[in-house]
1. Of everything in segment 124-149, what is on the phi > 0 side of the Ramachandran plot and free of Cβ contacts under 8 Å to residues at least 24 places away in the same chain? Give them in sequence order.
2. Quick check on segment 18-29. Is at least one of its residues out of contact with any helix residue (DSSP H, G or I) (no Cβ under 6 Å at 6 or more places or on another chain) and among the acidic types (Asp, Glu)?
3. Among the residues of segment 112-122, is there at least one that is buried (at least 16 other Cβ atoms within 10 Å of the Cβ), in contact (Cβ under 8 Å) with a residue 12 or more places away in the chain, out of contact with any strand residue (DSSP E or B) (no Cβ under 6 Å at 6 or more places or on another chain) and closer than 19 Å to Met87 by Cβ?
4. Could you list all residues from segment 98-141 that are assigned to a loop (DSSP other than H, G, I, E, B) and of a type in the set (D, E, K, R)?
5. From the list Asp63, Asp14, Asp83, Asp3, which residue is touching a residue at least 40 places away in the same chain (Cβ under 8 Å) and surrounded by fewer than 20 Cβ atoms within 10 Å (Cβ to Cβ)?
6. Against the condition in contact with a Lys or Arg (Cβ under 7 Å, 6 or more places away or on another chain), over 19 Å from Lys177 (Cβ atoms) and not charged (D, E, K, R), how does Val40 come out, does it pass?
7. Out of curiosity, is Leu111 within 30 Å of Ser141 (Cβ to Cβ), at pLDDT 95 or above and in contact with a helix residue (DSSP H, G or I) (Cβ under 9 Å, 6 or more places away or on another chain)?
Amino acid sequence: MFDIVDQFEKAVADYFGAPYAVSTDCCTHAVELCLRYLNVKTATSPNHTYLSIPMTMQKLGLDWHFVDTQWTEYYEIGHNIIDAATMWRPNSYIPGKYMCLSFQYRKHLSLGRGGMILCDNKHDRDNLIKLGYDGRHRNCSWMEQNIDTLGYHYYMTPETAQLGLDKLQTAIDTTPKIWNWRDYPDISSIKERISK
């Protein structure tokens, strides 16, 4: 059932030049899975980004703060985790990083919803899949598995993956918008309000 998800992950990983990819239901959950997997305790969020990034840090109880950075295409939140939600560029994977992509409706590969983590370690890939898929492996009924890992219901559906494969070539063939910090308002004033 999830063969199509594997195919979509491989196609996107190949485009970005990454050895491995793990699909998720959204980019924010991709970031959250990386933060959880790496047991991150401290992180930073740019002043100019989407609300879900600092809110995820707050939800996880991290020691985090805003930084005033003028990013283009992507930014690092610490611990080799990169929010690359707005990036669409071939062979742009940065080795040693966990790069989180978005397929939200405004992004270049627009699927309505969806995300992906690019990484270069198969062990990390396998563990991130389990973490985002209720603690279990794909392509085997959960009733036949001895679940020993805490997981979250953050996986990409086969239907979304099929849509991604259907639209991928068009995305590759068209010029993307180059996003940067100016595309987002300064949200740094929310920290005090959401921390209460």
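The values are calculated or read from the model by the stated rules, or taken from the named source; none is laboratory data. Predicted model only: the values in this text are computed from it and were never measured. Positions of Cβ are backbone-derived with ideal geometry, glycine not excepted, and every protein chain shown enters the neighbour counts.
1. Looking only at segment 124-149, we keep the residues that are on the phi > 0 side of the Ramachandran plot, and these are 134-135, 139.
Within segment 124-149, Asp134, Gly135 meet the criteria.
2. yes
3. Looking through segment 112-122, at least one residue is buried (at least 16 other Cβ atoms within 10 Å of the Cβ), in contact (Cβ under 8 Å) with a residue 12 or more places away in the chain, out of contact with any strand residue (DSSP E or B) (no Cβ under 6 Å at 6 or more places or on another chain) and closer than 19 Å to Met87 by Cβ.
4. Taking segment 98-141 and keeping what is assigned to a loop (DSSP other than H, G, I, E, B), we get 103, 105-111, 113, 120-121, 134-141.
Scanning segment 98-141 gives Arg106, Lys107, Arg113, Asp120, Asp134, Arg136, Arg138.
5. Working: Asp63 fails: touching a residue at least 40 places away in the same chain (Cβ under 8 Å); Asp14 fails: touching a residue at least 40 places away in the same chain (Cβ under 8 Å); Asp83 fails: surrounded by fewer than 20 Cβ atoms within 10 Å (Cβ to Cβ).
After ruling out the rest, the residue left standing is Asp3.
6. No.
7. yes
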